[in-house]
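**Q** Starting off with a structure, shown below.
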Amino acid sequence: MNQPGLYEIAGIEPEGKRNSVTDEKRDLEVESGSISHDKHHDVKHVIAHDNDEAERKREERRARYAKYRPYILTGVALVILGWWISSTVLEATRHRWIVQTFWAWFFILIIAFRFIPNSVVTRPVEAVWQPLISGPFFAISYRARLAMGWLALLGIVFGSAFGFPLPEGTGYGDRAISVFGLFVFTCGFWLSSKHRSQVPWPTVIVGLFMQQAIALFVLKTDAGFKIFLWVAQLAADFLDQAGPAAGFFFDPEVTAKHWFFVNTLGAIIFFIAFVQMLYYLGVMQWLIKQFAWFFFKTMNVSGAEAVVAAASPWIGQGESACLVRPFVDLMTESEIHLSMTSGFSTIAGSVFAAYVNMGVPGQNLVTSSVMSIPASIAISKLRIPETEEPITRGQVIIDQGAEDKHGRPANALHAFSKGALFGLIVAGQILCNVLTVLALVYTIDGLLIWVGKGFGIHHLTLDLIFGYLFYPITFLIGVPRNELLRVARLFATKLVANEFVAYQALKEQDALNPFSQRGYTIASYGLCGFANLALGRRMTELVRPSARLELGRARSGIFSAGLQLPIVDPTSQFTPSWFFSSRLGFKYRRAHADASTHPGSLGIQIGVLSALAPSRGKVIARVAPSAMICGFLSTLQTAAIAGALRVVGRKGAPELFIRMDVYALK
């Protein structure tokens, strides 16, 4: 059965449909005699003449651009080169020379290869690569190649864990536990795989290898850290531009509160409109094609899912899927699962500054998000391997960005306007899904509290249950023994509430009873992901080591109950806190961290993908819980690697950010 299109859902007739209806109505009027045949013929002649004239003008513009294109591109390249020289010489921007050099020459080379054939570079490389590396390697049997891959992976894992000096407060035994945890996670995903016999082991091995390699590059080199930090901050600055636009409709005090309904949904609408304009200009098609080639060669995954995975740390879980909007409806089950997993396993640049302001080391946030990209690919392909043939594997076969069934936009501004309309539809579906998922979680909590009282358990909630379930997991990722329960409950808070509430709890716990260096590092890495069920709880005192905690009210329509959590020292003072009900705004922080409103990531993912691909709604809903769990565990796997590789101090990070001047990017 054909599913209704998004324009039909919104109650808006597509332009093509309106034209067909008008033609049918005109034909009926001609048949009935209300319009003469001569007049009808004249109208058709005028329309055909106008269409021919418009096409002729487009051809003239194309010819004019082709004539002057070399001069235009050369001028652009000279401007970029001049900017690079000036920014490198000026003292105010000299310290950013690595990032500036990378991006300046990246765009200059893109322009240069508009005139230089790719074969100038590819043929010499292929002449060396094929006979010396590729040919002999693929002449070996598949099992032998697989064994070599496993040996390389084990080499980088053990080399990273035991090849660097031990920092204070850790030992080789702690690192060995983290390595063992990686092995347990991999075996667990394989045992729970939907198609164990079809697991693409080369993809898994390369993904896990790249996770370790990225960790070494970002953690051990200043250049790697600066590049990824700059990209994250640039994405955050770009999405923040929707805030002043929302101020046109609302009071500035409203936009300053960073409510989900105002700021987050506004950023989504703006971003979708911008992406649609890029599709019209051909930028997105080019980007997807490059990703398709790279990831097909390295990990044998499709270009569409590769774009979503790579974009998730910079622009967020909802916006990243919008980058490949024309392809979502054609994605396989494995592609959808991977796209959702990558969104759950990272945070977005839009919340980066808020977490840094809370005292979380920025290096931990950047490294965790970037490392989780290949990890999410490997884990997702372990859980739900590919059994079909993705349409964007190896190359972009179709091109639907500029023209679809509703007609080609007249220009870039028209494409931007149509994208804004579609963004409104996506934002509406996100709002509905978030609201219902939040209500469901509150209902479950209310039921658990009610049932628990019958057994004399007055604090039975999802937070508490998951906290104890995560106890063995926190052990496997290398958390110190005396901090296992504290960190486990932070992870439970992150899954049931969200990562912001958990980071707030981490900050306040650390102020009262400081974590060890290793425990803090693993916790800050493990909380860096969007995998959560809901938001709306005020748990700023959660898991305080020397106090009982009351979370005052949990509302879910018909349920409202009190809650107390067990603590380490039951003889201490009583400290109250409370739940917040899920109202529009989702404001849950006292002061300066309202910017991180990311309610119900599960609902957001389902809402976005369902809006992008209504015909795939059942598949999206079916794989969403699995993707959330995979994303959550991939973040913990990243934390295990960070714990095995390096312990980052908490005090030096803010000075590092100031020295690098990452906030002076605008």
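**Q** From the phi of every residue in segment 491-508, what ³J(HN,Hα) in whole Hz does the Karplus formula 6.51 cos²θ - 1.76 cosθ + 1.60 yield, where θ is phi - 60° and glycine or proline is x?
**A** 5, 5, 4, 5, 6, 7, 9, 6, 5, 5, 4, 5, 5, 5, 5, 4, 4, 6
**Q** Whole-Hz ³J(HN,Hα) for each residue in segment 449-458, computed from phi via Karplus 6.51 cos²θ - 1.76 cosθ + 1.60 with θ = phi - 60°, x for glycine and proline: what do you get?
**A** 5, 5, 5, x, 4, x, 9, x, 9, 9
**Q** Can you tally the net charge around residue 173? Count Lys and Arg as +1, Asp and Glu as -1, for every other residue whose Cβ sits under 12 Å from the Cβ of residue 173.
**A** +2
**Q** Is the shape of segment 48-193 best called rounded, prolate or oblate, per the rule: a/c under 1.5 gives rounded, else a/b larger than b/c gives prolate, else oblate, with a ≥ b ≥ c the square roots of the Cα gyration tensor eigenvalues?
**A** prolate
**Q** Summing +1 for each Lys or Arg and -1 for each Asp or Glu, what net charge is found among the other residues whose Cβ lies under 15 Å from the Cβ of residue 625?
**A** Cβ neighbours under 15 Å give a net charge of +3.
**Q** When a/c is below 1.5 the answer is rounded, else prolate if a/b is larger than b/c, else oblate, so apply that to segment 242-312 with a ≥ b ≥ c taken from the square roots of the Cα gyration tensor eigenvalues.
**A** Taking the square roots of the gyration eigenvalues as a ≥ b ≥ c, segment 242-312 is prolate.
**Q** How would you classify segment 217-365 from its alpha-carbon gyration tensor, with a ≥ b ≥ c the square roots of the eigenvalues: rounded for a/c under 1.5, else prolate if a/b is greater than b/c, otherwise oblate?
**A** Note, shape of segment 217-365 comes out oblate.
**Q** If you scale each eigenvalue of the Cα gyration tensor by 5 and take the root, what three semi-axes come out for segment 314-393, rounded to whole angstrom and sorted largest first?
**A** 28, 14, 8
**Q** Tabulate in residue order the Karplus-calculated ³J(HN,Hα) for segment 422-433, using 6.51 cos²θ - 1.76 cosθ + 1.60 with θ = phi - 60°, rounded to whole Hz; enter x for Gly and Pro.
**A** Once θ is set to phi - 60°, the couplings for segment 422-433 become 5, x, 5, 5, 4, 4, x, 5, 4, 4, 5, 5 Hz.
**Q** Can you give the net charge of the other residues whose Cβ lies under 12 Å from the Cβ of residue 62, counting K and R as +1 and D and E as -1?
**A** Neighbour charge sum, excluding residue 62 itself: +4.
**Q** Now, a different point. Determine the dipole magnitude for segment 165-318: charges of +1 sit on the beta-carbon of Lys and Arg, -1 on that of Asp and Glu, nothing else is charged, the reference point is the Cα centre, and the result goes in debye to the nearest 20.
**A** The calculated dipole for segment 165-318 is roughly 660 debye.
Each value in this text was obtained by applying a stated rule to the coordinates, not by laboratory testing. Just so it is clear, the model here is predicted, and its values are computed rather than measured. Every residue, glycine as well, gets a Cβ built from its backbone with ideal geometry; the counts of neighbours run over all protein chains shown.
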